[in-house]
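Inspection log for the structure reproduced underneath, given as structure tokens.
The values are calculated or read from the model by the stated rules, or taken from the named source; none is laboratory data. Bear in mind the structure is a predicted one, so any value in this text is a computation, not a measurement. Backbone-built Cβ (ideal geometry, glycine too); neighbour counts: all protein chains shown.
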Amino acid sequence: MPIPRIAGNRVLSRGTMTILYQGMASSSNFLFAFLLARHLAENVFGAFVLVYSIATFIIIIAESLIYTPASVFCSGPAEVVERKYDQGVFLAMVAGAILSALLFLGTSGAVLYFSSDSPLVFACMGYAVPFLLYFIKYGSCRLLIVKGHANLATVVQVVYLALLGALLAYFIRGGGFSLLHGYFALTFSSLAAAALGMALVIRRMGRKPGGSIRKSIRENLNFGSWGLLTNILANVGGRIFSFSVAALLGLSATGAIGAYLQVLGPLNMFYSGMRSFALPETMRRNRDAAPWQVWAFIKKIYAYGLVIPLGFLLIIAIWGKPILELVYNGKYLDGYDCIYFLIMFYLVEYFARPLMVAMYALKIPRKLFLPSVLRLAATVVIGIPLIWLWGLNGATLGILVTGLVNMIALAVIFRGHFRGLQTVSRTAIVTPHAYERKSTKSI
């Protein structure tokens, strides 16, 4: 079987729309947080930041247990995807939204028990309904991308961003802007976008008979549990590193690293968009492919995308200092040289991404766990001592070293997996592990 082409068909268009959607989603989150920070009292905004951190973790869980498995198991045309599987994923999305709302209500009750006048009480309680609707909007867009309709996901995001921006501008212009106004704007815009997104997803569900809703949910949980563990370890490692920088170098050093990472932040959006596009696109166009064909297709996708991070990082390497001076009004320039370690880190991360996507596509997500453990160990054993020995430069070098450890571990484990498949014919259907269904017809 030849490797499917990337150029000259709709693949590039879907990739572009996925990245555009990701950019708009990031912009809407930034707009909402920025306006709240600008117009709310510091303690009220601080309460929202804590609530938002909970919401971010919930999204990570949903990505791991719902949308990443869906990218593998139900990314094909409607004719070859079981309707029951799609229904199971859809119900999991709705259930996740309801559970999230209950979590925020429960958290607000716990805070109320200890401190009745805390702004965190309203921040949690008021966020329950807006986040329920936002969760469904977000999930609908992700499922549309999985189905190959990134253009429709972008339309949903445009509706959401337009309504959110208009409502926030209306309330701010009227004066007396409060967190309640922000939540109302988020609720109304999410409601409209969620309704549109759900309608579009329902119309594009799989049409193949067979399967069961219970089975689809069970498979998602089994497949996604390894990804969830990997993401939790990555977040734990990041928190350990941040607190270590603050403890050893002070909050100003933590702020400096955060400022440098913020300048490089657009690449996070691009990397997320590439992953959201690459995994379902690989499964859609390599449904019956051998492992070497799957890997070759993923490499092609990331080879086409390489020009973006290379160009962006080159700009930062050459003109980063004036950009920092412009963005931060002359602050954070004293330790500027350490940004070069961060530039190399982002380049390393790009080369690690196709390995991670390939492990999901080949249905071996459990092999992502060991690199995450090694990365966490490198943070503690190498990263923290570097902070103590070399200050800000050591901190950013530590970030680069942990990224290198992760990439090397991924490469070694991935190569070992391919060696184990040498006895399999290069034209055989990929059936690596227990997470795959019995036959490719049910994927």
If we ask which residues in the range 235-252 are closer than 28 Å to PHE369 by Cα, touching a Leu at 6+ places or on another chain (Cβ under 9 Å) and either of a type in the set (A, V, I, L, M, F, W, C) or without any contact (Cβ under 8 Å) to a residue 12 or more places away in the chain (or both), their number turns out to be 3
For the range 93-149 the number of residues that are farther than 16 Å from ALA70 by Cβ and outside any helix (DSSP H, G or I) is 4
(Q) Suppose the filter is modelled with pLDDT under 90, more than 13 Å from the chain's Cα centre (by Cα) and assigned to a helix (DSSP H, G or I); does PHE48 pass it? (A) yes
Residue hits (the range 190-204; among the small types (Gly, Ala, Ser) and either without any contact (Cβ under 8 Å) to a residue 24 or more places away in the chain or out of contact with any Pro (no Cβ under 9 Å at 6 or more places or on another chain) (or both)) are ALA192, ALA193, ALA194, ALA195, GLY197, ALA199
Only one of ARG14, ARG38 is at pLDDT below 85, among the basic types (Lys, Arg) and loosely packed, with under 14 Cβ neighbours inside 10 Å, namely ARG38
Restricted to the range 258-285 and to residues being among the polar types (S, T, N, Q) and farther than 19 Å from ALA62 by Cβ, the residue nearest to the chain's Cα centre (by Cα) is GLN262
Would you mind stating whether ILE172 is over 20 Å from SER28 (Cβ atoms) and either aliphatic (A, V, I, L, M) or in a helix (DSSP H, G or I) (or both)?
no
Just one listed residue, out of ILE343, ILE364, ILE382, is surrounded by fewer than 23 Cβ atoms within 10 Å (Cβ to Cβ) and at pLDDT below 95, and it is ILE364
Taking the range 205-216 and keeping only residues that are in a helix (DSSP H, G or I) and either without any contact (Cβ under 8 Å) to a residue 12 or more places away in the chain or buried (at least 20 other Cβ atoms within 10 Å of the Cβ) (or both), one is left with SER216
Discussion item. Quick check on THR107: is it within 30 Å of PHE171 (Cα to Cα), hydroxyl-bearing (Ser, Thr, Tyr) and over 18 Å from the mean Cα position of the chain (by Cα)?
Written reply: yes
task: For ALA199, state whether it is more than 22 Å from SER26 (Cβ to Cβ), assigned by TED's automatic domain parsing to the domain that holds PRO365 and over 20 Å from the mean Cα position of the chain (by Cα).
output: no
Residue within the range 91-110 that is in contact (Cβ under 8 Å) with a residue 60 or more places away in the chain and more than 23 Å from ILE58 (Cα to Cα) present
no
